[in-house]
1. Between His29 and Ala129, what length comes free when the chain is fully extended (0.36 nm per residue of separation minus the Cα-Cα distance, one decimal in nm)?
2. Can you tell me which of 109-119, 23-33 comes out highest on packing, and rank the rest after it, using the mean Cβ neighbours within 10 Å?
3. Excluding same-chain residues fewer than 8 positions from Lys63, which lysines have a Cα within less than 25 Å of its Cα?
4. Within 10 Å, count the other beta carbons around each residue, average over each peptide in 10-18, 127-135, and list them highest first.
Amino acid sequence: MTRFAGQQIIGFLNEAEAGIPVKELCRTHGFGDAAFCGWRSESGGLQVNEGRRLREPEFGNAKLKKRLAEAHLDVEALKVAFGAKTPAPQAKRQAVERMRQGLSISKCRAWGLAGLARTTMRREVAETAQNEALKVL
């Protein structure tokens, strides 16, 4: 953290570019050589008006917009698939299919939202006589 504003720092850098020795600048304004060297490496030759632009937040941060859109899509997919309560594993498999049909999301994403491992989706349950007997009970 520095006690100087961005415009002041760029002004110091411009003074050094104009020919004032760095040692004299440091002594006059009360900062060290190391601070000046750090500012010079960070600035990359900015002018004062460009420094103002750096202080303003970037409008339209693409990463944040993408994450927000994905979060809204996840919430919508869960509403479509589950409704109000968390279902049993077989119902989760059916919910994954509903998510994929209702919204255009990938299998892996739908599996993750449903809380299922991918292996459970690929393996088809074999109907055997033992399973049928258990269903009856």
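Read the figures in this text as sums done on the coordinates, not as results from a lab. Only a predicted model underlies this, so the values are computations on that prediction, with no experimental measurement involved. Cβ sites come from the backbone with ideal geometry, for glycine too, and all protein chains shown count toward neighbours.
1. My answer for the length gained is 27.2 nm.
2. The peptides rank, most packed first, as 109-119, 23-33.
3. Lys79, Lys107
4. 10-18, 127-135
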